[in-house]
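The values are calculated or read from the model by the stated rules, or taken from the named source; none is laboratory data. A quick note: this is a predicted structure, and the numbers were derived from the prediction, not measured. Glycine gets a Cβ as well: all are built from the backbone with ideal geometry, and neighbour counts include every protein chain shown.
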Amino acid sequence: MSTTQDAGVAQSDPGLSRRTLGVPAITLMIIAASAPLTVVAGGVTTSFAVTESLGVPLGFLLIAVILTVFAVGYTAMGRHITNAGAFYAYIAQGLGRPLGVGASLVALVSYNAMQVGIYGLFGFQLSMFLEAKFGIVSPWWLWILLCIVLVGVLGVNRVDLSAKVLGVLVGLEFLVVIVFDIVSIAVAPEGVSTATLNPAALFGPALGIILVFGVAAFMGFEGAAIYGEEAKDPKRTVPRATYAAVAIIGVFYAFSAWAFSVGVGPSQIVGASQEFGPDLMFVFMTDQVGVLFADVMTLLFLTSLFAAQQSFHNAVARYFFSLGREGVLPAWFARTSRAGAPWAGSVAQTVIALVVVIGFALAGEAFGGAAALGDSAFLYPVLTMFTWLTNTGAMGLVLLMAVIAAAVIGFFRKNPRGLSAWTTIVAPVISGVALIWVFVMILQNFQLMLGQEEPDASTFVLPGLIFAAAAIGIVWALVIRATRPNIYRQIGHGTEPGAYGTELVDVVEAPER
């Protein structure tokens, strides 16, 4: 695609909406991606069950600390780079354009995997709920297809509409989890114990596994930068939303995990989590409050999944937009509506979701994939689509954050821009080392994360998708450098007015790394 064509696209297309989102809106979209009710019901019980450790609540706090340290350099870099491609732009400017394009494909694979994977749990839960309550027997994929349409419709509309919808859903999630926490502390069969807040429970042999399962609860927290071009004041809004999100998520999950242990009893929480899994929260509330409230929680659990799907959909759409705008992908992906929504990227994500869901449905029903699971066949969309894709996505995002930490150092190496060594070197090194360690732990325990007794092809193919995406992106960047040098020069620097702000001089003068 030529520079002239790029200019034509820019002139005929309004671009993303500007100065639309404030700190509360972006914070809510970040929290929506982490799905609070889903994490407390599913993530907390899974962590207790698999790790067999009482250190889960403190694990959330430790992850929050690591990510807060990571945010020091990440947000500092964000004050100089405003780009809907976020990770892609940061790594391109900090470590070079080839790594930036590699990161962009890893981000697309990871965010799509997270978004589409959550559909698997959504379709299963909704079909089971309708059958249990109303006797309606329906295939899990039917409700996913309907949900994909609804998510797509919101995705092509103004971003503040998505923010308002997600804000309501997240608010209801917080309310119901707070009620659960209060009931748990009031019941306290073993007293209001602090056994799960003992540091010795965390800093033991299970520390790595606790962090591996806990870090997925925070995926999406880095997404504030994706909305930088739509923020009311990117230099202030994005950092504030990032810090607010990680603080709220970390404290809320730690407190709720502790309350969970108090409600069931510290001596019983591991065994009960292994017996009931994610249903433990609903079984507990049915016993303590009644079926009606448990049913309301189930409905909000479904809306929690919907909110996460919408948040990740928005992130994918903006990555497509950024890559199309800069010529890494065809210019069509940069198309936006009059309302400033990246409709082309939204449509692309919707198509990807449809193709993957149809593929899993065919594999499960037409080719006997579900039957191979034996007695667990009814859990097919959860054991495959949800488990495989969300864990793969979380792995990719942890890797990207570790690379971002290095990109921060590279970006500020020649010009610290008046910032301290803590911001430009120390904090990125500490968080980068910690995140690399978590990533290695994920690789080592990926079989465990997939719930496999023995490794199979998926144990190796799924992580391979992340590395393959990175390699393809790097090669593609080198091809662009050799064939379209003008396009190569703008990689990671945006092409819309205001997309790169004060960095325009750097685009012209910087060496073409």
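Key figures
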{"read-out": "One residue from Glu496, Glu512 being over 26 Å from the mean Cα position of the chain (by Cα), at pLDDT below 90, surrounded by 15 or more Cβ atoms within 10 Å (Cβ to Cβ) and more than 30 Å from Pro381 (Cα to Cα)", "value": "Glu496"}
{"read-out": "Residue count, the range 336-352 (criterion: aliphatic (A, V, I, L, M) and outside any helix (DSSP H, G or I))", "value": "2"}
{"read-out": "Ile480 being closer than 26 Å to Arg318 by Cβ and touching a Leu at 6+ places or on another chain (Cβ under 8 Å)", "value": "no"}
{"read-out": "Residue count for the range 353-381, restricted to those that are buried (at least 18 other Cβ atoms within 10 Å of the Cβ) and either outside any helix (DSSP H, G or I) or modelled with pLDDT of 85 or more (or both)", "value": "7"}
{"read-out": "Among (1) in contact with a helix residue (DSSP H, G or I) (Cβ under 7 Å, 6 or more places away or on another chain); (2) free of Cβ contacts under 8 Å to residues at least 60 places away in the same chain - the single one Gly208 does not satisfy", "value": "(2)"}
{"read-out": "Any chance Ala254 is over 30 Å from Ala339 (Cα atoms) and either in contact with a Lys or Arg (Cβ under 7 Å, 6 or more places away or on another chain) or hydrophobic (A, V, I, L, M, F, W, C) (or both)", "value": "yes"}
{"read-out": "Single unsatisfied condition, Val270 versus (1) within 16 Å of the chain's Cα centre (by Cα); (2) closer than 29 Å to Met441 by Cβ", "value": "(1)"}
{"read-out": "Enumeration of residues in the range 252-283 that are hydrophobic (A, V, I, L, M, F, W, C), touching a residue at least 60 places away in the same chain (Cβ under 8 Å) and within 17 Å of Phe129 (Cα to Cα)", "value": "Phe276, Leu280, Met281, Phe282"}
{"read-out": "Members of the range 326-348 that are β-branched (Val, Ile, Thr) and under 14 Å from Val156 (Cβ atoms)", "value": "Thr336, Val347"}
{"read-out": "Qualifying positions in the range 479-491 - part of a helix (DSSP H, G or I) and out of contact with any helix residue (DSSP H, G or I) (no Cβ under 6 Å at 6 or more places or on another chain)", "value": "Val479, Ala482, Thr483, Pro485, Arg489, Gln490"}
{"read-out": "Residue within the range 258-265 that is of a type outside the set (A, V, I, L, M), within 23 Å of Gly191 (Cα to Cα) and over 28 Å from the mean Cα position of the chain (by Cα) present", "value": "yes"}
{"read-out": "Single residue of the range 46-63 satisfying the filter (small (Gly, Ala, Ser) and buried (at least 24 other Cβ atoms within 10 Å of the Cβ)) that is nearest to Tyr243 (Cα to Cα)", "value": "Gly59"}
{"read-out": "Close pairs from the range 408-426: first closer than 16 Å to Gly78 by Cβ, partner assigned to a helix (DSSP H, G or I) and of a type in the set (S, T, N, Q), Cβ under 8 Å, at least 6 apart", "value": "Val408/Thr424; Ile409/Thr424; Phe411/Gln93; Phe412/Thr423; Phe412/Thr424; Pro416/Thr424"}
{"read-out": "Residues within the range 433-457 that are closer than 30 Å to Met385 by Cα and part of a helix (DSSP H, G or I), tallied", "value": "16"}
{"read-out": "Leu130 being surrounded by fewer than 22 Cβ atoms within 10 Å (Cβ to Cβ) and modelled with pLDDT of 90 or more", "value": "yes"}
{"read-out": "Residues being assigned to a loop (DSSP other than H, G, I, E, B) and of a type outside the set (A, V, I, L, M) - total across the range 131-142", "value": "3"}
{"read-out": "Some residue of the range 445-453 being surrounded by fewer than 19 Cβ atoms within 10 Å (Cβ to Cβ), at pLDDT below 95, within 22 Å of Leu211 (Cα to Cα) and among the aliphatic types (A, V, I, L, M)", "value": "yes"}
{"read-out": "Residue match in the range 55-65 (condition: modelled with pLDDT of 90 or more, in contact with a Phe, Trp or Tyr (Cβ under 7 Å, 6 or more places away or on another chain), at negative phi and β-branched (Val, Ile, Thr))", "value": "yes"}
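To keep it simple, each residue is scored yes or no on (1) farther than 16 Å from Leu329 by Cα; (2) in contact with a Gly (Cβ under 9 Å, 6 or more places away or on another chain); (3) assigned to a helix (DSSP H, G or I); (4) free of Cβ contacts under 8 Å to residues at least 40 places away in the same chain.
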{"site": "Leu62", "(1), (2), (3), (4)": "yes, yes, yes, no"}
{"site": "Ile81", "(1), (2), (3), (4)": "yes, yes, no, no"}
{"site": "Ile91", "(1), (2), (3), (4)": "yes, yes, yes, no"}
{"site": "Leu99", "(1), (2), (3), (4)": "no, yes, yes, no"}
{"site": "Leu105", "(1), (2), (3), (4)": "no, yes, yes, no"}
{"site": "Ala113", "(1), (2), (3), (4)": "yes, yes, yes, no"}
